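Structure first, commentary second.
The values are calculated or read from the model by the stated rules, or taken from the named source; none is laboratory data. Since we're looking at a predicted model, the values are computed, not measured. Neighbour counts run over all protein chains shown; Cβ positions are idealised from the backbone, glycine included. We work out accessible area using only protein heavy atoms, side chains counted, and drop any ligands, DNA or RNA first. Shrake-Rupley method; radii C 1.70, N 1.55, O 1.52, S 1.80 Å.
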Amino acid sequence: MNTFKIIPTVDSSISCASMSDLALTNMSIDSPAEYLVNDTKCVLSQMISPDTSIDEALTIMKLSNNRSVLYVGVDTKLLGVISGVTLVSRVVLMVAKRKGVARADLTVADVMNYTYKMPALHKNQVLRACVGDIKQTMESLGVAHIQVVDENNKICGVISSTDISRVLHEPVYINATAHSFKDFFDVLHEHEELV
């Protein structure tokens, strides 16, 4: 039985090849983690604006045949990541209720996972890790996305739990965790979910 290690993350503020179809079909839990990294050079060409509506984002996912993740940013700055699961979840309705607006008036900025809140791994840690290590790290942190930073702590890639699930054909169990007193208060007092 394999025992995978939890990789320590670094403060948020890799250039690795994107996954090929061949890599996808041949990957296992022991495969190198570098193949999971979505290079920011590729991400920047696929970014949507933060003021994109929830319904527009769902349409973009459907038309691009990408039902897992959209990257949100302005010009060459990656601001965050939004998953297809979040876009169709009750989180969207909870945010609309909290803001006192209709669901149709929400934008992806209202519900996306901001990069400044995302844990980060150093590129050299990812290069020494396997898929199982990344999966274990994400599950222990309760996060669906991790950014990869270079030696200057500049973001150079993103790893998504949906990519791990896709290559392993098994779920990644993300149980969101309160990381601050505000998170804890919002769950208890405001009846919000952690995202």
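The set of residues from segment 20-57 being at pLDDT 90 or above, surrounded by fewer than 18 Cβ atoms within 10 Å (Cβ to Cβ) and in a helix (DSSP H, G or I) comprises D55, E56. For segment 78-87, residues that are open to solvent by 30 Å² or more (accessible area, probe 1.4 Å) and at pLDDT 90 or above total 1. For the residues A144, A129, the requirement of being surrounded by 20 or more Cβ atoms within 10 Å (Cβ to Cβ), more than 15 Å from T40 (Cβ to Cβ) and over 16 Å from the mean Cα position of the chain (by Cα) singles out A129. Applying the criterion of being assigned to a helix (DSSP H, G or I) and in contact with a strand residue (DSSP E or B) (Cβ under 8 Å, 6 or more places away or on another chain) to the residues of segment 58-71, the residue that is nearest to L87 (Cα to Cα) is M61. Applying the selection to segment 110-130, what residues are farther than 14 Å from G157 by Cα and assigned to a helix (DSSP H, G or I)? Scanning segment 110-130 gives D110, V111, K117, R128. Based on what the data block shows, is G100 farther than 23 Å from K62 by Cβ, touching a Ser or Thr at 6+ places or on another chain (Cβ under 9 Å) and either open to solvent by less than 60 Å² (accessible area, probe 1.4 Å) or at pLDDT 90 or above (or both)? Here the answer is no, as G100 does not meet what is asked.
Taking every residue in segment 162-185 that is within 18 Å of P119 (Cβ to Cβ) and assigned to a loop (DSSP other than H, G, I, E, B) and pairing it with any residue that is open to solvent by 60 Å² or more (accessible area, probe 1.4 Å) and at pLDDT below 85, at least 6 positions away or on another chain, the pairs with Cβ-Cβ distances below 8 Å are A176/E193; A176/V195; A178/F184.
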